[in-house]
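We did not get these values from a lab; they are worked out from the coordinates using the rules stated. Predicted model, so just to flag it, every value in this text is computed and none were measured. Positions of Cβ are backbone-derived with ideal geometry, glycine not excepted, and every protein chain shown enters the neighbour counts.
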Amino acid sequence: MAALGNVKNTAEIIQKYQFRFQKKFGQNFLVDGNILDKIIASAQLTKEDCVLEIGPGIGTMTQYLAEEAREVVAVEIDKNLIPILQDTLSAYDNVTIINEDILKVDINRIAREHNGGRPVKVVANLPYYITTPIIMALFESRVPLQSITVMVQKEMADRMQVGPGTKDYGALSLAVQYYAEPEVITRVPASCFMPRPKVDSTVIRLTRYEKPPVEAADEKYLFAVIRASFNQRRKTLANGLANAGNLGVDRSVVEETLAEMGLSSMVRGETLTLEQFAELSGRLAEKKG
Ligand code: SAM
């Protein structure tokens, strides 16, 4: 099987299998060898590594990953791509294809079965319609992870890196910055994909911290507080937290706690730093019913 990662061979495969792109699955296949080389180099793979690829498509990046890593597990939702993957990856005996929705599959189990529970590396050209839930799930389900090297919509990469006080700041920014160090690898124009998406993309690497930059006694509660704070963007933080229903604190407790921290009861979630969220959630956790 000829190497993919260029327009000609990709078009041939699409033609051979009469494959129909499905918009609902965010199918934009990479057809640029330089970008593929950059992604693979930035993922820093070794022959020890087990890679989890999310959405292999027709197997373009999977071929590159299979060359560099010990093992690749690729999770693809579209059943029409499975026979194509069996063809394009037939030369490799170190690739496992799983026909599943990445948001439903047990990733911890994959890490256990394929890598003895040791940290895996995630490498993917992500389906853009579910970038945030995928990244949040990878971090919050405590999957053993070394790094996540992903192609995302440029705006999503911006969100992952911004601090308080900007419109892009939210739960994704805080989750990324709590769990990992983000580093932009390269910008990718729409012309590198088939079909072309409407927006430009960015490759970003998130290297998992051994220890988060702030201390949180209860990470689950911290992220419940963060989610509630951004649920109602136009409302105050106090409103968001008091209305959340799953935090076990009422309005008076929220306002009292904000006052203890020297914050106004009118403060909005997007102005708080990660440190402040950690402190706020720690104080609320002590008082919750
Ligand atoms: N990796 C290929 C490439 O770079 O050419 C394809 C990338 S394409 C942007 C995203 C891929 O994710 C598609 O193959 C799509 O079918 C798959 N996908 C979409 N939603 C998914 C989900 N929930 N779980 C697993 N794969 C999914």
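Structure above, values below:
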{"item": "Which listed pairs, of LYS104/LYS167; LYS220/LYS288; LYS154/LYS198, have C-alpha distances above 19 Å, in listed order", "result": "LYS104/LYS167"}
{"item": "Stokes-Einstein D in µm²/s, Kirkwood radius over Cα pairs - region 219-287 at 20 °C with 1.002 mPa s viscosity", "result": "187 µm²/s"}
{"item": "Lys, Arg +1 and Asp, Glu -1 on Cβ, resulting dipole of region 117-180 about Cα centre, debye, nearest 20", "result": "180 debye"}
{"item": "Computed label-point distance, nm, for sites ASP37 and GLU181 using a 7 Å Cα→Cβ extension", "result": "2.7 nm"}
{"item": "Charged-residue dipole, Cβ positions (Lys, Arg, Asp, Glu), region 35-79 about Cα centre, Debye nearest 20", "result": "40 debye"}
{"item": "For the chain, with +1 on Lys and Arg beta carbons and -1 on Asp and Glu, the positive-most of PHE277, ALA91, CYS50 along the dipole", "result": "PHE277"}
{"item": "Dimensions (Å) - region 173-289, Cα atoms, principal axes, largest first", "result": "54, 33, 24"}
{"item": "Under-5 Å amide H pairs with ILE98, H placed in peptide plane, nonlocal only", "result": "ALA74, VAL75, GLU76"}
{"item": "Exposure proxy order (Cβ contacts within 10 Å, fewest to most) of VAL123, VAL51", "result": "VAL51, VAL123"}
{"item": "For the chain, the spread of Cα positions along each principal axis, largest first, Å", "result": "66, 40, 29"}
{"item": "Among GLY33, GLY245, GLY55, residue whose mean-square fluctuation peaks in a GNM of the chain (springs only between Cα atoms under 10 Å)", "result": "GLY245"}
{"item": "Theoretical ellipticity at 222 nm over the chain - DSSP helices of four or more residues, -39500 (n - 2.57) apiece, nearest 500", "result": "-12000 deg cm²/dmol"}
{"item": "Gaussian network model of the chain, Cα within-10 Å springs - most flexible of VAL143, VAL225, VAL214", "result": "VAL214"}
{"item": "Spin-label pair LYS220/MET261, simplified geometry with 7 Å Cα→Cβ offset, distance in nm", "result": "2.1 nm"}
{"item": "Exposure proxy order (Cβ contacts within 10 Å, fewest to most) of MET151, MET194", "result": "MET194, MET151"}
{"item": "Loop sites in region 172-272: trypsin sites (Lys or Arg not before Pro), DSSP, at most 13 other Cβ within 10 Å", "result": "LYS198, ARG233, ARG234"}
